[in-house]
Amino acid sequence: MGNLLEIRNLHTSFYIHAGIVQAIRGIDIDLERGEAIGIVGESGSGKSVAMMSVLRLLDANGKITEGSIKFDGKELTTMTDDQIRKIRGNEIGMIFQDPMTSLNPVYTIGTQLTEPLMEHRGMSRSQANVVAIEMMKKVGIPSPEKRLKQYPHEFSGGMRQRVMVAMALICEPKLIIADEPTTALDVTIQAQILELMKKLKEDTGTSIILITHDLGVVADVCSRINVMYGGTLVEKGSVDDIFYRPKHPYTVGLLNSVPNPKAGAKEKLIPIDGTPPDLIKPPTGCPFAARCGFAMKICVTTRPPLFSVGEDHEAACWLNHSDAPKVNLRGGDDVGKNNE
């Protein structure tokens, strides 16, 4: 089917009074047409900044300093503001993290849903209202004719998130980027939103990039996972590879931090000790070395490449080098010498 999105050697930095924050430090991501992939990592890992770079929605002090972002064969990094504006909301939709701050409190839901249709599709207000009502039905918002005239504060958290999904889908984009779409929602509403996204993907063939720190969310929606840490990609592979055959200590740390419903009540979660690296002065070696229990001398001095550790499975860890000592990362999963 070919790739819808290709990110190559992306570098994004923010210029602040204390120095230059190197938020993204050379990442490659591919997304096929009709595919759903996940980008996971703790706060500050760079996952949201990477996707904001795709949409060119960086703050005024943010800049893409190097790399290529190709969407549907078009280079986004060299587009003018007017050109990228025609892509945002039209060909690429975004579901932001907090719907209460993403929706304008002084405009009705109807006004905010119809604006993209009038802007990108040249529809009249009445034509756009018809489409908005149908989209609200599709995402499970009851009494859409009435709801169209209401304001964001009149909606529950779950319903506001459904509005954000409707807004992202209303122009039938080729790609939806969902940034923590289930944050602050209770588990029942989370499940409904995820089920809605899966159904819409199957019905429309829209590609999805799901940004989250919740591994359970990506397991339910995505086919492949990209793990980010310190502005870099440390591991990428299929859902099964990441969950059952992790080859990077950070990935293992994330998995050990997830509650296991089958475990006993007294089994404790294992936190990742330490703090993320300072990206104003990022480490020259592996960004996870200072927090890694398997760190070697080379980890501190030299940044590891992404080693192939299986079919379409890569991990940026020196333990995957053919000369590395053999260690057990998790649950009988060996990494190191003679690892294939």
inquiry  = On a full-extension model of 0.36 nm per residue, what is the gain between F243 and K63, subtracting their alpha-carbon distance, rounded to one decimal in nm?
reply    = 61.4 nm
note = Descending packing, highest mean Cβ count within 10 Å first, for 22-28, 60-66, 97-103 is 22-28, 97-103, 60-66
query = Quick one: net charge of P277's neighbours, Cβ under 12 Å, K/R +1, D/E -1?
reply = +2
ask   = Going from the alpha-carbon gyration tensor of segment 100-235, what semi-axes, largest first and in whole Å, does one get by taking the root of 5 times each eigenvalue?
value = 28, 17, 14
Cα gyration tensor category, rounded, prolate or oblate, for segment 2-52 with a/c compared to 1.5 = prolate
remark   = In the neighbourhood of E180 defined by beta carbon distances under 10 Å, the net charge of the other residues (Lys, Arg +1; Asp, Glu -1) is -2
note = One finds, for I298 and S257 with R0 = 25 angstrom and r their Cβ-Cβ distance, a FRET efficiency to the nearest 0.05 of 0.40
remark   = Simple spin-label estimate for D30/H17, 7 Å along Cα→Cβ, in nm, reads 4.5
inquiry  = Springs between alpha-carbon pairs under 10 angstrom, Gaussian network model over the chain: which of S207, S322, S48 fluctuates most?
reply    = S322
task = Enumerate the residues in segment 278-298 having an amide nitrogen under 20 Å from the point lying 7 Å beyond the Cα of K326 toward its Cβ.
result = 294-296
Cross-link table K47/K281; K146/K174; K174/K198; K70/K201, entries beyond 25 Å C-alpha to C-alpha = K146/K174
query = Between K86 and T204, how many nm apart are label points set 7 Å from Cα along the C-beta direction?
reply = 2.1
note = Expressed in angstrom and ordered largest first, the alpha-carbon extents of segment 103-142 along the principal axes are 27, 23, 14
inquiry  = Can you give me the convex hull volume of the Cα atoms of segment 227-335, divided per residue and expressed in Å³?
reply    = 108
Three principal axis lengths of segment 20-149 [C-alpha, angstrom, descending] = 47, 31, 31
inquiry  = Looking only at the chain, where both bridge partners belong to it, what percent of the DSSP beta bridges are antiparallel (to the nearest 5)?
reply    = 65
note = Across L269, L117, L194, the residue with the highest GNM fluctuation in the chain (Cα network, 10 Å cutoff) is L269
query = So which trypsin sites (Lys or Arg not before Pro) in segment 129-183 are both in a DSSP loop and have at most 12 other Cβ atoms within 10 Å of their Cβ?
reply = K149
key: Using a Förster distance of 22 Å, the FRET efficiency for E311-A219 (Cβ separation, nearest 0.05)   = 0.70
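Values quoted throughout were computed directly from the atomic coordinates according to the rules given, and no laboratory measurement underlies them. As the structure is a prediction and not an experimental result, all values here were calculated from the model. Reconstructed Cβ throughout: ideal geometry from the backbone, glycine too, with neighbour counts over all protein chains shown.
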